[in-house]
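Novice: Before I ask anything, let me first share the structure, which is written out below as structure tokens.
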Amino acid sequence: MKPFAATCLAAVLLAAGLPPAKAAANNYTCSYQLYENGQPVVRRVEYVEPSLQAAMAKFEAFLADLRAQGKQPQHLGCR
């Protein structure tokens with residue numbers, strides 16, 4: 001499995017596996033675009049966080065990790 005795919009999978013699994021004690025948290029979806037084999041690809045990552053700001057902070061850290069891997073993701077927003 002490519003490191004990128006493993007990172008995405010880990011982010012989704014972590015978001016889905018939060019304990020019920022965080023029932024007040026909300027679901028947020030963040031999107032980004034990058035190029036694979038010269039083609040633009042849009043990906044989404046889901047977070048369960050108490051606020052949009054918290055989800056965006058985690059997403060920014062995720063994008064920074066992708067940049068550290070030599071990728072060039074473009075932030076498309078969170079909702």
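The values are calculated or read from the model by the stated rules, or taken from the named source; none is laboratory data. Because the structure is predicted, anything quoted here is derived from the model rather than measured. Every residue, glycine as well, gets a Cβ built from its backbone with ideal geometry; the counts of neighbours run over all protein chains shown.
Novice: Within the range 20-28, can one find any residue that is in a strand (DSSP E or B), out of contact with any Phe, Trp or Tyr (no Cβ under 8 Å at 6 or more places or on another chain) and at pLDDT 60 or above? I'd like the intermediate steps shown before the answer.
Specialist: Keep residues of the range 20-28 that are in a strand (DSSP E or B), which gives 26-28.
Then drop every residue that is not out of contact with any Phe, Trp or Tyr (no Cβ under 8 Å at 6 or more places or on another chain), which leaves 26.
Of the ones still in play, those that are also at pLDDT 60 or above are 26.
Yes: one or more hits.
Novice: Can you find even one residue in the range 50-71 that is part of a loop (DSSP other than H, G, I, E, B), surrounded by 11 or more Cβ atoms within 10 Å (Cβ to Cβ) and touching a strand residue (DSSP E or B) at 6+ places or on another chain (Cβ under 6 Å)?
Specialist: yes
Novice: Give me the pairs: first residue in the range 57-79 and on the phi < 0 side of the Ramachandran plot, second residue among the aromatic types (Phe, Trp, Tyr) and loosely packed, with under 13 Cβ neighbours inside 10 Å, beta-carbon distance under 9 Å, and six or more apart or on different chains, which are they?
Specialist: The qualifying pairs are 71/35; 72/35.
Novice: A further question on this structure: Would you check which residues across the range 31-43 are within 12 Å of residue 75 (Cβ to Cβ) and not hydrophobic (A, V, I, L, M, F, W, C) and list them?
Specialist: At the first step, the residues of the range 31-43 found to be within 12 Å of residue 75 (Cβ to Cβ) are 31-34, 42-43.
Within the range 31-43, 31, 32, 33, 43 meet the criteria.
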